[in-house]
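Novice: Okay, here's the structure, questions in a sec.
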């Protein structure tokens, strides 16, 4: 993809738990971060990485997309986000160096414990890897 991506933050009043969104006009992309919902650097890092993952993997969808299409795109973006922020080899190296608790890994990588747990599940489940 040759297009650049604009990243902006503001009070967008995104619905539900959504703290960020990527939008496209067909040629250009924009990632919008809702500053009323993002409270930490880790949350911001994860939000940007997740929306970037939608863009880079082509896992975007329209507002009126069926739930199955949305879920498939979200799963693809979630996995790409994990691969970007928490590469398997780096996670394994951290664990081999004694950083084994979810909260320790979260602090080490500056992400949420939830993302750590998602990464462990992804790598040991669908990827079939072992730490």
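Novice: Say whether the condition of being touching a helix residue (DSSP H, G or I) at 6+ places or on another chain (Cβ under 6 Å) and either closer than 24 Å to residue 110 by Cα or outside any loop (DSSP other than H, G, I, E, B) (or both) is met by at least one residue in the stretch 62-70.
Specialist: no
Novice: Next up: Considering only the stretch 89-105, I want to know if a residue exists there that is touching a helix residue (DSSP H, G or I) at 6+ places or on another chain (Cβ under 6 Å), within 17 Å of residue 49 (Cα to Cα) and either modelled with pLDDT of 95 or more or surrounded by fewer than 18 Cβ atoms within 10 Å (Cβ to Cβ) (or both).
Specialist: So far as the stretch 89-105 goes, no, none of its residues is touching a helix residue (DSSP H, G or I) at 6+ places or on another chain (Cβ under 6 Å), within 17 Å of residue 49 (Cα to Cα) and either modelled with pLDDT of 95 or more or surrounded by fewer than 18 Cβ atoms within 10 Å (Cβ to Cβ) (or both).
Novice: I'm checking my understanding of the structure. Among residues of the stretch 38-50 that are touching a helix residue (DSSP H, G or I) at 6+ places or on another chain (Cβ under 8 Å) and without any contact (Cβ under 8 Å) to a residue 60 or more places away in the chain, which one is surrounded by the fewest Cβ atoms within 10 Å (Cβ to Cβ)?
Specialist: The qualifying residue surrounded by the fewest Cβ atoms within 10 Å (Cβ to Cβ) is 38.
Novice: So which residues in the stretch 14-37 are free of Cβ contacts under 8 Å to residues at least 24 places away in the same chain, in contact with a strand residue (DSSP E or B) (Cβ under 7 Å, 6 or more places away or on another chain) and part of a loop (DSSP other than H, G, I, E, B)?
Specialist: 14, the sole residue that qualifies.
Novice: Follow-up. Mind checking which residues of the stretch 106-131 are in a loop (DSSP other than H, G, I, E, B) and crowded, with 18+ Cβ neighbours inside 10 Å?
Specialist: Result: 111, single match.
Novice: I've got another one for you. Assess whether residue 77 counts as being in contact (Cβ under 8 Å) with a residue 12 or more places away in the chain and in contact with a helix residue (DSSP H, G or I) (Cβ under 6 Å, 6 or more places away or on another chain).
Specialist: So residue 77 passes the test.
The values are calculated or read from the model by the stated rules, or taken from the named source; none is laboratory data. Keep in mind that this is a model prediction, so the values were computed, not measured. Here the Cβ is made from the backbone with ideal geometry for all residues, glycine too, and neighbour counts use every protein chain on show.
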